[in-house]
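Peer 1: I have a structure I would like to understand better, so I am pasting it below and will then ask my questions one at a time.
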Amino acid sequence: MSEAVDEVSLEEQRASAEEFTRGIVDAFEVGAATEARIEDDGVLVDVTGDDIGLLLGPRGTTLQAIEELVRTAVQRQTEGRGARINVDVGGYRAKRREALAKFVVGLAGQVLESGEDMALEPMNASDRKVVHDAIAEIDGLATGSEGEDPRRWVVIRRD
């Protein structure tokens, strides 16, 4: 590992992620604020404001693209060995996690009743984690991820 990578602290990564995100948000001209914080050995950048729907895009696709750009910018400083970087717009990710977990619990009942495996539609890594975590709380069920990114999906099965 090079010295340059060793010198990029988590705080410096946080500041870099916040600054880069602010530049993207400013380019959208939506009048939103950005604030980054260190959370669980990673960086979370929150974007808040009144008219920020444009930053989300359909089904969160614009948010995913912004997050990928921010990750790439920070990873260039750390030669790909930096902290986990997440971006959230208006609490969208928390709302999505809650709705997805609730949906999956409903599906879990179907799997328990029928005994048949259920494959979900392909989803990104953070959504797959929500599914794995929600199902882990239910006795008698297990999950597994299958396929290749970006078309990777979760299968819910009886334990």
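Values quoted throughout were computed directly from the atomic coordinates according to the rules given, and no laboratory measurement underlies them. All figures in this text were calculated on a predicted structure; none of them were measured in a lab. Counting neighbours? That spans all protein chains shown, and the Cβs are built from the backbone with ideal geometry, glycine included.
Peer 1: Between Phe28 and His132, what FRET efficiency follows from the Cβ-Cβ distance if R0 is 30 Å, with the result rounded to 0.05?
Peer 2: 0.35
Peer 1: At Glu19 and Arg37, where each label point lies 7 Å from the Cα along Cα→Cβ, what is the point-to-point distance in nanometres?
Peer 2: Here the answer is 2.2 nm between the modelled labels.
Peer 1: About its Cα centre, what dipole magnitude does segment 49-124 give when the only charges are +1 on Lys and Arg Cβ and -1 on Asp and Glu Cβ, stated in debye to the nearest 20?
Peer 2: 320 debye
Peer 1: For segment 51-57, what does the Karplus curve 6.51 cos²θ - 1.76 cosθ + 1.60, with θ = phi - 60°, yield as ³J(HN,Hα) per residue in whole Hz, taken in order and with x for Gly and Pro?
Peer 2: These are the phi-based 3J(HN,Hα) values: 10, 10, x, 4, 6, 8, x Hz.
Peer 1: Shape verdict for segment 95-158, please, from the Cα gyration tensor: rounded (a/c under 1.5), prolate (a/b greater than b/c) or oblate.
Peer 2: oblate
Peer 1: Of Val87, Ala33, Pro58, which is farthest along the charge dipole of segment 3-90 in the positive direction, counting Lys and Arg as +1 and Asp and Glu as -1 at C-beta?
Peer 2: Toward the positive end, the furthest listed residue is Pro58.
Peer 1: Something else about it: Over the alpha-carbon set of the chain, work out the extent along each principal axis and list the three values in angstrom, largest first.
Peer 2: Here the spans come out as 52, 43, 24 Å, largest first.
Peer 1: By how many nm would the segment from Ala65 to Arg152 lengthen if fully extended, with 0.36 nm per residue of separation less the alpha-carbon distance?
Peer 2: Gain on extension, Ala65 to Arg152, equals 29.5 nm.
Peer 1: Taking segment 91-159, which GluC sites (Glu not before Pro) meet the DSSP loop condition and have no more than 12 other C-beta atoms within 10 Å?
Peer 2: Here the GluC sites (Glu not before Pro) that fit, given the DSSP loop and packing criteria, are Glu116, Glu137, Glu148.
Peer 1: Just to confirm my numbers, what's the Cα centroid distance between segment 115-159 and segment 49-76 in Å?
Peer 2: Spelled out, the Cα-based centre of one part sits 25 Å from the other.
Peer 1: Give, rounded to the nearest 20 debye, the magnitude of the charge dipole that segment 3-90 has about its Cα centre when Lys and Arg contribute +1 at Cβ and Asp and Glu contribute -1 at Cβ.
Peer 2: Approximately 340 debye in magnitude.
Peer 1: Full extension from Asn124 to Gln110: what is 0.36 nm times the residue separation minus their Cα-Cα distance, to one decimal in nm?
Peer 2: 2.7 nm
Peer 1: OK, next. Looking at segment 26-159 only, what percent of DSSP beta bridges run antiparallel? Nearest 5 please.
Peer 2: 70 percent
Peer 1: Quick one: give the max-minus-min coordinate of the C-alpha atoms of segment 3-90 along each principal axis, largest first, in Å.
Peer 2: Principal-axis extents of the Cα atoms in segment 3-90, largest first: 42, 24, 19 Å.
Peer 1: Once every DSSP H run of n ≥ 4 in the chain is given -39500 (n - 2.57) and the sum is divided by its residues, what mean residue ellipticity at 222 nm do you get, rounded to the nearest 500 deg cm²/dmol?
Peer 2: Dividing the helical sum by the residues of the chain leaves -16000 deg cm²/dmol.
Peer 1: Taking H placed 1.01 Å from N in the peptide plane, check which residues at least 5 places from Ala36 or on another chain put their amide H under 5 Å from its amide H.
Peer 2: Placed amide hydrogens put Asp46 under 5 Å from Ala36.
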